[in-house]
Structures are given as C-alpha cells and as structure tokens.
Amino acid sequence: MQQAQPLPTQPMDGADYLRDILRAPVYEVAITSPLQTMKRLSERFDNQVQLKREDRQPVHSFKLRGAHNMMAQLTKAQKQAGVIAASAGNHAQGVALSGSKLGVQATIVMPRTTPAIKVDAVRGFGGQVVLHGNNFDDAKGMAQALAEEHGYTFVPPFDHPQVIAGQGTIGLELVQQNGHLDYVFLPVGGGGIAAGVAVLIKQLMPNIKVIGVEAEDSACLRAALDAGFPVTLDRVGTFADGVAVKRIGDESFRLCQQYLDDSITVSSDAICAAVQDIFEDTRAISEPSGALALAGLKHYVEKHQLKGKQMAAVLSGANTNFHSLRYVSERAELGEKREGLLAVTIPEQTGAFFNFCQILGDRAVTEFNYRYGDEQLANIFVGVRLLDGQEELDNIISDLRQAGYPVEDLSDDEMAKVHVRYMIGGRPSADLHERLYSFEFPEYPGALLHFLQTLGTHWNISLFNYRNHGSDYGRVLCGFEIGDQDLLAFTAHLRELGYDWKDETSNPAFRFFLSRSAT
C-alpha cells in the first residue's frame with residue numbers, strides 16, 4: 001500500500017493548509033457550488049440563512065474535492081499502479097470519477113449491504129467495484145489487503161492533509177460568495193470537511209464563527225473533545241450514514257480542536273425536519289447527513305436566540321435512497337415539534353373516547369390506536385398536530401391530567417416511534433417472564449433469516465416486529481420468555497452475536513401497550 005506523498009514529519013500549520021487549499025486542483029472535476037438563500041427559513045428565524053449546495057457536484061456530494069486533490073498529486077508510478085478506497089457511498093463516487101478524469105484505475109471495496117443504486121453509480125463513474133463484507137470495517141480491511149497485494153495507493157475518506165485541503169476549498173468559496181457571514185455550520189463525521197473549511201476561514205476571516213454539527217448517536221468529535229484525543233465509540237447510529245463514523249481522524253481532530261469555535265449535536269428527528277426544510281425552500285432532496293449542518297444551524301439559533309445574523313450551512317450530499325424518505329416524512333413533524341405522541345389511559349366505557357376528544361378540542365388528531373384490553377381501563381396511542389410546539393404539548397398533557405387521565409409523553413421515545421405505533425395484537429393473554437430487546441443489523445437479501453438463525457432457538461420469542469425504513473440497516477423489536485435464572489446466560493449470548501442491541505424492558509411504551517401488566 002502506498003501513500004500519496006510522504007506525510008510531513010511536523011504537523012502542518014494554518015499557513016501550510018491555506019497554501020495547499022489555494023492551489024488545490026479540484027476544479028478539474030468539481031464546480032463552484034452555489035450559495036442559495038433559503039427565503040422561507042430566513043423569514044421564520046429572522047436571520048439570513050444560506051445553503052451551500054454541494055449536492056450540485058457531479059457526484060452529488062462534496063467528497064469529490066478531497067479525493068481528487070489527493071489523487072491529482074500522486075506520482076506517475078502511483079497513478080500507473082492505481083488507487084483503492086473503501087466506501088459505501090459518496091467517497092466511492094468521488095474516487096471513481098477522479099480516477100476516470102485522471103486516467104487512474106480506481107478500485108472501490110463496498111459492503112455487500114450497499115444499495116444497488118450506489119454500486120451502479122460507482123460503476124457509472126468508471127470505478128471497479130469489489131463487494132465484500134456486511135459493513136464498512138469489513139470493506140476497509142479488504143481494501144487495505146488488496147492495496148498491499150497490488151501496490152495500490154489507499155485513498156482515505158477524510159484523515160489525510162491532501163483530502164482535508166481539498167474539502168477546504170468549500171471555505172474559500174464561502175468567503176468569496178458572502179464576505180459578511182457571521183456563522184458557518186459544517187457536518188462532522190470523520191472531520192475532513194469541518195477541518196478543511198475551519199482552517200481556511202480562520203486564516204482569512206477569523207471573525208466568522210465556525211460550528212461543527214454531529215448526529216447525537218455518532219458524536220465522535222464530542223467524545224474526542226471531552227477526552228482530549230480521538231476515541232472509538234462503541235456503536236454509532238446508522239440513519240445519517242454519511243457521518244456514521246466511530247472515530248474521528250487524528251489530523252482532522254487536531255484541526256477541529258484548534259479552529260472550530262463550537263460543536264453541537266442534533267437528533268435524527270431534527271435532521272428529518274431539516275431535510276423537509278431544504279425541500280420546501282429549494283425543492284432539493286437531501287440525504288440525512290447532507291441536512292445535518294442545517295439541523296445544527298436551526299438548533300443553534302434557537303438555543304442562543306440569534307437574530308439578524310448571516311449564516312451558511314453546507315448541504316453536503318444528496319445520494320439518498322428513495323425508500324428512506326418514508327421514514328424522513330414520518331419523523332420530520334416530530335423533529336419540528338409539530339406533532340406530539342402520547343400514551344393515555346382512559347376508562348373502558350361508552351363515551352370515553354368522545355370525552356377524551358373534547359379535551360383535545362379543535363386540535364387535529366394525527367393518529368389514534370386502540371385495542372380492547374380489559375373491562376376497566378384502555379391505553380390509547382395518540383398523535384396530535386401541534387401549532388405551538390412543546391409549549392402546546394405541555395398544555396395538552398396538563399389538561400388531560402387535570403381531567404384525571406394518566407398520560408405519558410412518547411414524543412422522544414425511539415422504540416415507540418419506530419415500532420410500537422405500527423404494531424398490532426396488544427397484550428399477551430397469559431403471564432410471561434418476558435424481556436424486550438431492540439436490534440439493528442445490516443440489510444441484504446436474506447438478512448432477516450440470517451438474524452433469526454444467528455439468534456438461535458433456545459429461547460422462546462414472544463413478540464417480534466421488523467422495520468426496514470429504506471436504510472442500510474434493519475431494525476427489530478423482539479420479546480423473549482426468559483426466567484431470572486437464564487438472564488445472565490442470555491445476555492452473554494447477545495454479546496457474542498455481534499449485533500447492536502438494547503434492553504427495552506423498562507420502556508414506558510412497552511408497559512403501556514405490549515406487556516401483560518400496565519403497572
């Protein structure tokens with residue numbers, strides 16, 4: 001495996017990066033992406049909000065910049081030997097297109113779980129695809145092995161000075177397109193774009209505040225800042241797969257730590273709401289990680305009550321799976337606090353539903369799920385349209401409790417939003433020693449069967465709900481009959497399986513709607 005250039009023995013300083021960014025040959029393949037004003041969002045927040053449209057690049061992502069900058073600087077021998085990369089999406093397409101433009105053979109190792117649309121896109125840009133493993137780590141291991149075997153140069157997705165400098169050209173465009181910016185918001189996964197843009201802006205216009213934005217379930221920058229050095233997360237969420245990185249790069253962290261003014265995290269629901277905002281203002285459909293920076297901008301404005309500022313967020317990519325839009329649509333209302341989800345206990349008697357609806361008044365009910373459980377009480381799952389966000393939801397809960405209805409707010413309950421609202425069947429008819437677990441596993445043909453085979457048949461399954469919302473990962477909610485004496489052995493078995501899992505037995509949605517006892 002070859003390096004593009006010998007890495008410097010001393011860390012590059014800001015001036016070094018400024019020089020490399022200014023001379024990066026990215027426009028051999030990339031365009032100067034437009035900076036578009038979001039009129040609706042600007043009016044709503046009383047700030048000028050602009051969107052850096054990196055989705056308009058030939059590969060619909062900023063990743064092209066860093067890949068090409070590194071590959072353009074290869075030696076003649078390295079170009080003749082070819083390059084290799086591991087990626088399930090945007091980086092793969094950037095390397096493939098750059099290879100085609102430079103006349104360099106580009107091999108991309110992609111997990112077998114990669115959707116066909118992404119594999120076809122890489123091949124369409126001239127890349128040679130090798131499908132291996134069920135996740136990125138498997139693909140990366142194979143890519144490194146092939147690099148050693150064939151003498152390919154490995155092109156990393158973020159943690160290399162030439163890649164970082166290529167991404168930094170976005171910062172140069174930003175300050176040229178709007179010299180009056182007060183804030184710039186950048187997505188953070190491995191840290192390449194955040195490092196490159198921050199180091200450029202702080203050399204030229206240090207008065208601009210540069211904010212890194214992470215998905216809260218893959219916040220490797222926040223973990224590194226807390227520890228003082230890069231650390232590896234135990235697991236990351238997969239919804240915003242473009243930033244689902246367990247460990248930030250060493251060089252990108254060094255620069256982020258030095259040059260970012262602040263960093264924040266946002267939820268998956270907030271990302272979905274930002275995808276909707278982008279569509280409503282521009283008619284562009286962002287991938288979840290592409291909308292991450294805008295979600296952070298919105299959160300930061302609300303948190304700090306900012307008014308009259310000029311702000312830009314990078315729309316970093318638009319390579320999304322069409323079927324994932326169903327999930328985005330479902331969650332966007334929750335992310336904007338335009339819908340609340342409640343578990344409410346009402347008397348099992350004639351007129352009870354009518355009385356309950358009278359308390360809600362003229363508010364629109366978006367969802368109502370009920371199944372007869374016993375002769376005394378009924379637990380109902382209710383969605384309510386909100387006009388005034390959390391304050392209105394708090395008032396609804398207060399009104400219901402004053403009327404004698406026990407209420408549980410499930411608006412932030414992931415299990416309730418992903419599984420329970422779609423389930424049928426209600427409570428078991430007999431007492432069970434039941435425990436509930438949620439799982440995530442890579443999606444590929446036969447993945448659900450493989451999951452069940454791996455799980456084994458030693459423990460009786462008492463509940464099962466499978467959800468594929470169009471992402472690369474499937475989600476399962478599973479109940480098991482487990483006695484206290486078997487719990488230790490069962491937990492040890494789960495640890496050996498290799499799947500991400502979580503014990504959901506104490507979840508309030510389970511207690512309200514699925515368990516034998518509601519207490």
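Legend: calculated FRET efficiency, GLN305 to ASP399, from the Cβ-Cβ distance at R0 = 22 Å, rounded to 0.05, equals 0.20.
Other residues with beta-carbon under 10 Å from the beta-carbon of LEU410 carry, at +1 per Lys or Arg and -1 per Asp or Glu, a net charge of -3. In the chain, a dipole from Cβ-located charges (positive for Lys and Arg, negative for Asp and Glu) runs towards its positive end, and of ASN47, PRO58, THR366 it is PRO58 whose Cα lies farthest in that direction. Working note: Cα atoms of the range 67-123, range along each principal axis, descending, whole Å: 34, 15, 15. Take every pair of alpha-carbon atoms less than 8 Å apart whose residues are at least six positions apart; their mean separation over the length of the range 85-136 yields a relative contact order of 42 percent. Taking amide H as placed 1.01 Å from N in the peptide plane, the amide H of VAL130 sits under 5 Å from that of ILE108, VAL109, MET110, each at least 5 places away or on another chain. Note on the chain: helix-only mean residue ellipticity at 222 nm, from DSSP H runs of 4+ residues weighted -39500 (n - 2.57) and normalised by residue number, equals -12000 deg cm²/dmol.
Against the main long axis of the alpha-carbon atoms of the chain, helix 268-282 sits at an angle near 60°. Computing FRET efficiency as 1/(1 + (r/R0)^6) for GLN176 and CYS357, where r is the C-beta to C-beta distance and R0 is 45 Å, gives about 0.20.
How tilted is helix 90-102 with respect to the longest principal axis of the chain? Cα atoms for both, answer in degrees (0 to 90, nearest 10). So the inclination is approximately 20 degrees.
Legend: residue pairs LYS209/LYS303; LYS39/LYS209; LYS246/LYS307; LYS118/LYS246; LYS309/LYS417; LYS246/LYS309, Cα-Cα distance threshold 27 Å; pairs beyond threshold, LYS246/LYS307; LYS309/LYS417; LYS246/LYS309. Between the listed residues VAL119, VAL384, GLY166, the Cα displaced farthest toward the positive end of the dipole of the chain, a dipole computed from Cβ unit charges relative to the Cα centre, is found at GLY166. Farthest toward the positive end of the dipole of the chain, out of LEU97, LEU452, LEU292, is the Cα of LEU97, where the dipole comes from beta carbon charges about the Cα centre. Using C-alpha pairs below 8 Å separated by at least 6 residues, the relative contact order for the range 155-308 is 25 percent.
The mean sequence distance of close C-alpha pairs (under 8 Å, at least 6 residues apart), as a share of the length of the chain, puts its relative contact order at 12 percent.
Taken one residue at a time, the phi angles of the range 390-399 give Karplus couplings (6.51, -1.76, 1.60, θ = phi - 60°) of 4, 4, 5, 4, 4, 5, 4, 4, 5, 4 Hz. Gly and Pro are set to x. Among the trypsin sites (Lys or Arg not before Pro) within the range 1-103, those in coil by DSSP and having at most 14 neighbouring Cβ atoms inside 10 Å are ARG23. Label separation (ARG123 vs TYR499): 3.1 nm, computed from points 7 Å beyond Cα along the C-beta direction. When only the Cβ of Lys, Arg, Asp and Glu is charged (+1, +1, -1, -1), the dipole of the chain relative to its Cα centre reaches about 1760 debye.
Along the range 161-174 the Karplus relation, 6.51 cos²θ - 1.76 cosθ + 1.60 evaluated at θ = phi - 60°, assigns HN-Hα couplings of x, 6, 5, 4, 5, x, 5, x, 4, 4, x, 4, 5, 4 Hz to successive residues, with x for each Gly and Pro.
Taken together, the values in this text are just the output of simple stated rules run on the coordinates, not laboratory data. These figures come from a predicted structure and were not determined experimentally. Cβ coordinates were reconstructed from backbone atoms using ideal geometry, including for glycine residues, and neighbour counts include every protein chain displayed.
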